[in-house]
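Novice: Just dropping this structure here.
The values are calculated or read from the model by the stated rules, or taken from the named source; none is laboratory data. Only a predicted model underlies this, so the values are computations on that prediction, with no experimental measurement involved. Ideal geometry is used to build each Cβ from the backbone, glycine not excepted, and the neighbour counts take in all protein chains shown.
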Amino acid sequence: MNEPAPQPAERRTPVRLHLLALNPTDSVTHGFLPAAARLGLDVTLLTDQPAAHRRAYEQSVADGGKLPGLTLVGCDVKDFREVIGRISALGRTAPPDAVFTNSDHLQPQAALAAGYFGLPGKDWRAALDTKNKALLRRRLAAAGADAVYSAELGPDDEPEALAARGLPFPCVVKPREGVAGEDVVLAEDAADLVRRCHDIRRRRPGASLVVEEYLEGELHTLETLGDGRTLHTLGAFRTELSPPPHFVEERLTLLPALPQPHTRQVVTQLRALGVGFGACHTEYVVQGGRARLIEVNYRAIGDQCDLALADVLGIPLFEHILRTHLGEPLPADLGARTDGRARVEYVCTDRGGTLEKAPPASETERDGVRLVYRPLRGTGETHPLRRTNRDYLGVIRATGTDQGRIDQAVEAFLAAERWEILS
């Protein structure tokens, strides 16, 4: 793992953050960019979608957001060679002080770029192993941390041959490098497995798939933050999913305390993977008293859970994450509150069509509960049903210190508002 660079006595001004991104996300637009502004950083955002980021940036500024100076640079950010080459060319006038991304897809590229320029960053092997679900299973098994049945189906491999191996059913089929629960599905038997694989391949030609043991149980997350030496456990959410065969996150509730011994078990497995720098969002279930990893996302939790977590903990979470990439050590005590509670609720459509009616963005504070609603789809937009988080119409995040009041506030909001889809 790359060790954080020693903090210099004086930094030149301005300090420049090179941020890699694909599509705009709330984590970047409403989390990391405002944090960069508070830290006084200049930001160069390298992306394959500069126009979309320009619109998101301008909209946030129009809404009163305090964002940093931003240089948008078009770049094939999925190719680490292009990333390094572009940063090198920019470095003639704006040498990088940090290379950072919060994208699942871009962690290896950011890690390789940081290493190339001698900057603090993640171990590129850990970034790759956590992104690639087949490598993840092999790395955990080799370390003796956990053994989950897993088989890889390459683009030219026939699912019929895999189904004939005598797999443990039911099993889960997923893209080897997928995100957002897209095309993650439960297969009940061999015929179902073959059908599911062919369905996914029609939508993702050339994609490699992973077929693995179904780890049944209540789904939890563990949110961590490290600087390469110290690893802080920030909190844990309980995640409620849609019924199988799909796995759409519908609600996350912050647990009042970190579950033990499962938290320690997850941390042990993360260390076996080489994870310990920056933010990490890990999903796991408990079976037979032990924590079994579903997946490791080597970045901050998204879909506005990171915004809720920062509110509840009462710490500059996004600034802490950026500081680690600037080579600054984390404090031994983050000073996080322990009495905060949170619930994040997703309004999810059950059919494709055009959104005809939906409530506007709002923010209220009543009876000790702060409730924020943000639309994720505009009225008039037409979308197919995807059985992923791309079916979300809006997100509610409610925070306070009384879980009962938080739940009441969310239920009251859902009862009072209407979302109408015209099929």
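Novice: Quick check on the range 249-266. Is at least one of its residues under 29 Å from D156 (Cα atoms), among the aliphatic types (A, V, I, L, M) and not in a loop (DSSP other than H, G, I, E, B)?
Specialist: Taking every residue of the range 249-266 in turn, none turns out to be under 29 Å from D156 (Cα atoms), among the aliphatic types (A, V, I, L, M) and not in a loop (DSSP other than H, G, I, E, B).
Novice: Go through the range 26-40 and give me each residue that's farther than 13 Å from R374 by Cβ and surrounded by fewer than 20 Cβ atoms within 10 Å (Cβ to Cβ).
Specialist: P34, A37, R38, L39, G40
Novice: Find the residue count for the range 380-405, including only residues that are among the β-branched types (V, I, T), over 24 Å from the mean Cα position of the chain (by Cα) and closer than 18 Å to T364 by Cβ.
Specialist: Qualifying residue count, the range 380-405: 1.
Novice: Residues that are surrounded by 12 or more Cβ atoms within 10 Å (Cβ to Cβ): find the strands (runs of 3 or more DSSP E) completely inside the range 332-423 holding 3 or more of those.
Specialist: Of the strands (runs of 3 or more DSSP E) lying wholly inside the range 332-423, those with at least 3 residues that are surrounded by 12 or more Cβ atoms within 10 Å (Cβ to Cβ) span 341-348, 353-357, 362-366, 369-375, 392-400.
Novice: Could you please let me know if E218 is outside the structural domain of D189 (by TED's automatic domain parsing) and at pLDDT below 95?
Specialist: The answer is yes for E218.
Novice: List every residue pair whose Cβ atoms lie under 7 Å apart, where the two residues are 6 or more positions apart in sequence or sit on different chains, the first residue falls within the range 49-76 and is within 20 Å of A35 (Cβ to Cβ), and the second residue, located anywhere, is of a type in the set (G, A, S).
Specialist: So the pair list comes out as H53/A21; K66/A37; L67/A37; L67/S60; P68/A36; P68/A37.
Novice: Among P159, P155, P168, P205, which is the only one that is under 23 Å from L135 (Cβ atoms), at pLDDT below 95 and crowded, with 20+ Cβ neighbours inside 10 Å?
Specialist: P159
Novice: Okay, next question. Suppose we filter the range 209-257 for residues that are surrounded by fewer than 19 Cβ atoms within 10 Å (Cβ to Cβ) and within 14 Å of V296 (Cβ to Cβ); how many remain?
Specialist: So the answer is 2.
Novice: Right, something else. Of all the strands (runs of 3 or more DSSP E) wholly in the range 203-244, which have at least 2 residues that are charged (D, E, K, R)?
Specialist: Per the criteria, 209-213, 219-227, 237-241.
Novice: Okay, moving on. I'd like the full set of residues that are over 22 Å from A412 (Cβ atoms) and β-branched (V, I, T), limited to the range 353-401.
Specialist: If the condition is that a residue be over 22 Å from A412 (Cβ atoms) and β-branched (V, I, T), then T354, T379, T382, T388 are the ones that fit.
Novice: From D391, D339, which residue is under 20 Å from V248 (Cα atoms) and in contact (Cβ under 8 Å) with a residue 40 or more places away in the chain?
Specialist: D391
Novice: Here's something else I'd like to know. Scanning for something within 30 Å of F100 (Cα to Cα), over 16 Å from the mean Cα position of the chain (by Cα) and in a strand (DSSP E or B), does the range 272-288 turn up at least one residue?
Specialist: Among the residues of the range 272-288, at least one is within 30 Å of F100 (Cα to Cα), over 16 Å from the mean Cα position of the chain (by Cα) and in a strand (DSSP E or B), which makes the answer yes.
Novice: Are there any pairs, at least 6 apart or on different chains, whose C-beta atoms fall under 6 Å, with the first in the range 303-332 and closer than 29 Å to G115 by Cα and the second among the hydroxyl-bearing types (S, T, Y) and surrounded by 20 or more Cβ atoms within 10 Å (Cβ to Cβ), and if so, which?
Specialist: D306/S27
Novice: Looking at (1) closer than 22 Å to A180 by Cβ; (2) modelled with pLDDT under 95; (3) of a type in the set (S, T, Y), find the lone condition where S103 falls short.
Specialist: (2)
Novice: Is it the case that D192 is surrounded by 15 or more Cβ atoms within 10 Å (Cβ to Cβ) and in contact (Cβ under 8 Å) with a residue 40 or more places away in the chain?
Specialist: no
Novice: Ok, one more. Could you please give the count of residues in the range 281-317 that are farther than 17 Å from Q265 by Cα and among the aliphatic types (A, V, I, L, M)?
Specialist: Within the range 281-317, residues that are farther than 17 Å from Q265 by Cα and among the aliphatic types (A, V, I, L, M) number 10.
Novice: Specify which of the listed residues (D97, D76, D48) is surrounded by fewer than 23 Cβ atoms within 10 Å (Cβ to Cβ), acidic (D, E) and touching a helix residue (DSSP H, G or I) at 6+ places or on another chain (Cβ under 7 Å).
Specialist: D76
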